[in-house]
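A short worksheet on the structure shown next.
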Amino acid sequence: MKTFSLIAACDKEMGIGKGGVLPWRLPKELERFHQVTAETRDSTKRNAVIMGRKTWESIPAGRRPLPGRLSCVITRDGGYALPEGARKFSSLEDCLSSLEKDAAIEHIFIIGGGELFKQAITIPACRTIYLTEVEGIYHCDTFFPPLPKEFRREHESEAQDENGVRYKFATYKRL
Ligand SMILES: NC(=O)c1ccc[n+]([C@@H]2O[C@H](COP(=O)([O-])OP(=O)(O)OC[C@H]3O[C@@H](n4cnc5c(N)ncnc54)[C@H](OP(=O)(O)O)[C@@H]3O)[C@@H](O)[C@H]2O)c1
């Protein structure tokens, strides 16, 4: 199986969402999300971003599918309509096995939300977690799952400061 990464931003309580949207507004953090998920070594390929239906709906209509990446949406609703350029799958496993066969895809990122992260983090092909750790508590209703013990913290950035909100970029790798 192709390896894949998770990418998320969470608060001190591992909160990632509230009321169906992000609990904070951090444009530079979103820029970094774009950079990490869009960058490829081979310019003839692109990356895929996999998300749950609720995360898809949390992205403003004008900004989806995410530019420069293949957007894949997981839903049990067979009639769910997506615009051209986005692909629908009935399970995470179906999506991963389809992308595995797709030679035009370089790397796969799972970008949320809580339901998708919880399923994906247990799959051995999940090798890397990019976690933006936001200082403070945002009283979220959606959470990142506990990190399994086989993940080791490999990298931590300097503290970033945006609109008075402090955060760090951390990277975890599966041993
Ligand atoms: N901070 C971050 O990094 C970050 C990143 C992404 C999202 N978020 C936040 O997270 C929240 C959304 O997360 P969420 O956990 O509520 O929802 P989600 O994971 O985005 O989507 C859940 C939906 O995905 C589909 N789904 C999940 N597992 C499935 C499976 N095994 N087979 C088929 N379909 C499956 C179902 O869609 P159907 O109901 O259509 O069947 C389910 O209702 C929002 O607040 C969003 O802003 C935060």
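Listing for the model above:
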quantity: Pairwise label distance in nanometres, LYS2 with VAL21, each label 7 Å out on the Cα-Cβ vector; calculated: 3.2
quantity: In order through the range 77-94: 3J(HN,Hα) via Karplus (6.51 cos²θ - 1.76 cosθ + 1.60), integer Hz, x for Gly, Pro; calculated: 8, x, x, 5, 8, 10, x, 4, x, 9, 10, 9, 9, 8, 7, 5, 4, 4
quantity: Additional length obtainable on full extension of the chain from GLU156 to GLU13, 0.36 nm per residue less Cα span; calculated: 49.7 nm
quantity: Karplus-derived 3J(HN,Hα), 6.51/-1.76/1.60, for each residue of the range 139-152, Hz, glycine and proline x; calculated: 6, 6, 10, 10, 10, 7, x, x, 6, x, 5, 7, 8, 10
quantity: Set of aspartates and glutamates near LYS54 by C-alpha distance (under 15 Å), chain-local residues within fewer than 8 positions excluded; calculated: ASP77, GLU115, ASP141
quantity: Spacing of the two label points (7 Å from each Cα toward its C-beta) at HIS139 and ALA81, in nm; calculated: 3.8
quantity: Listed peptides 128-140, 81-93 by packing density, highest first (mean Cβ within 10 Å); calculated: 128-140, 81-93
quantity: Carbon + sulfur, % of accessible area of the range 1-124 - ligands and nucleic acids excluded, 1.4 Å; calculated: 51
quantity: For HIS107, residues with placed amide H under 5 Å, excluding near neighbours; calculated: ASN47, ALA48
quantity: Vicinal HN-Hα couplings computed from phi for the range 107-120 (Karplus, 6.51 cos²θ - 1.76 cosθ + 1.60; Hz; Gly/Pro x); calculated: 9, 10, 10, 9, 10, x, x, x, 5, 5, 4, 4, 6, 6
quantity: Sequence-distant residues sharing a close amide H with LYS88 (under 5 Å, placed H); calculated: VAL73
quantity: Cα centroid separation - the range 1-80 against the range 110-140, whole Å; calculated: 11
quantity: The range 1-124, relative contact order [Cα under 8 Å, separation at least 6], %; calculated: 35
quantity: Ellipticity estimate at 222 nm from DSSP helix runs (n ≥ 4, -39,500 (n - 2.57)) divided over the chain, nearest 500; calculated: -5500 deg cm²/dmol
quantity: Normalised per residue, the volume of the convex hull around the Cα set of the chain (Å³); calculated: 122
quantity: Reachable lysines, given that their alpha-carbon falls under 22 Å from the alpha-carbon of LYS101 and they are not under 8 places away in the same chain; calculated: LYS2, LYS45, LYS88
quantity: Rounded to the nearest 20 debye, dipole of the range 1-124 from Cβ charges on Lys, Arg, Asp, Glu; calculated: 220
quantity: Listed residue (ILE59, ALA81, TYR130) projecting farthest to the positive dipole end of the range 38-150, Cβ model; calculated: ALA81
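The values are calculated or read from the model by the stated rules, or taken from the named source; none is laboratory data. Worth saying up front: this structure is predicted, and the values here are computed from it rather than measured. Backbone-built Cβ (ideal geometry, glycine too); neighbour counts: all protein chains shown. When the accessible area is computed, the model is the full protein with side chains, heavy atoms only, and any ligands, DNA or RNA have been set aside. Shrake-Rupley method; radii C 1.70, N 1.55, O 1.52, S 1.80 Å.
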